[in-house]
Ligand SMILES: [Zn+2]
Ligand SMILES: [Zn+2]
């Protein structure tokens, strides 16, 4: 009797063991495709976000809170006109002048390359005379309400 029970018991144990192994194997197989598909989804989402942001590139260099004026020389006034310290020339009739917040003024065509060069070199642009920082911003478009000058 005992000689019969032992082999049957062993067979049942072996059967259970194979069954458990199969269950574990199935679980692994179910988890793996799930994780890979979720990674794939998050990657495609981030790629889409980058694609969406890329085309917007502000290219207009806008100097905030400054004014632009055109020199109007009055008769007999020429001796009193200011000098642009960048090109060391007196302002003459029709010159475009930019007046910075520090009240220093320059030819627009003289100060614009100066500001751009400093920004290109990762230096915060400053007034060439008194070194007051020049407040600038890169814009996509400029509205009439914006107070400042495009350089
Ligand atoms: Zn000048
Ligand atoms: Zn200044």
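Taking the stretch 61-113 only, how many residues are more than 15 Å from ligand 2 (Cβ to nearest atom) and modelled with pLDDT of 90 or more?
At the first step, the residues of the stretch 61-113 found to be more than 15 Å from ligand 2 (Cβ to nearest atom) are 61-62, 64, 68-81, 87-96, 108-109, 112-113.
Now restrict to residues that are modelled with pLDDT of 90 or more: 61-62, 64, 68-71, 87-96, 108-109, 112-113.
Residues flagged as more than 15 Å from ligand 2 (Cβ to nearest atom) and modelled with pLDDT of 90 or more within the stretch 61-113 amount to 21.
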| Those strands (runs of 3 or more DSSP E) lying entirely in the stretch 94-151 with at least 1 residues closer than 12 Å to residue 66 by Cβ and within 16 Å of ligand 1 (Cβ to nearest atom) | 96-99, 105-107, 148-150
| query | Within the set of pairs 6 or more residues apart or between chains, which connect a residue that is under 15 Å from residue 100 (Cα atoms) inside the stretch 115-131 to a residue that is within 15 Å of ligand 1 (Cβ to nearest atom) and part of a helix (DSSP H, G or I) with Cβ atoms less than 6 Å apart? | reply | 125/115
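The values are calculated or read from the model by the stated rules, or taken from the named source; none is laboratory data. Predicted model, so just to flag it, every value in this text is computed and none were measured. Here Cβ is always computed from backbone atoms with ideal geometry, including for glycine, and neighbour counts include all displayed protein chains.
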